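Below you'll find the structure, written out as structure tokens, and then a few comments.
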Amino acid sequence: MQKAATSDYVAAFCVPQCQGRRPMDYGAFTDASLKMMYEAVRGALKADDQFEANGEDPRFRVRATPEWKRHAGSLEAEMLKRGLQVDIIDWTGGQRELPLA
């Protein structure tokens, strides 16, 4: 059920944004809608990590697609502007230190 909800969200909201259509008006969404969209980003990221852990290609390509981070950042900004509590997404995948390479 969670995977289907995430897939539906991606198809309805993220894909059109990634295709260069006009930007979303985040101020038009309700608090609950913003939270749902943000948790869907988190869910897609988690799903991608699980696919990779199973040796599969990530289906949503959240880490590899900059639009995902822009979308999450816009959601975060709007939620913070409204004074909503935000549990910021960990984009590092649990990585403790960045390589110095």
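The values are calculated or read from the model by the stated rules, or taken from the named source; none is laboratory data. From a predicted model like this one, the values you see are computed outputs, not experimental measurements. Neighbour counts are summed over all protein chains in view; Cβ atoms, including those assigned to glycine, are modelled from backbone coordinates with ideal geometry. With ligands, DNA and RNA removed, areas are computed over all heavy atoms of the protein, side chains included. Shrake-Rupley method; radii C 1.70, N 1.55, O 1.52, S 1.80 Å.
Some observations on this one:
- Partner aspartates and glutamates for Lys81 [C-alpha distance under 12 Å; skip if fewer than 8 residues away on the same chain]: Asp31
- Here the simple spin-label model places points 7 Å from the Cα toward Cβ, and for Glu67 and Thr30 these points are separated by 2.7 nm.
- Element breakdown for the range 24-74 at a 1.4 angstrom probe: carbon and sulfur atoms account for 49% of the accessible area.
- Net +/- balance of residues flanking Thr65 in space, Cβ distance below 14 Å, scoring K and R +1, D and E -1: +2
- 1.4 Å probe accessible area per residue over the range 36-88, in Å²: 59
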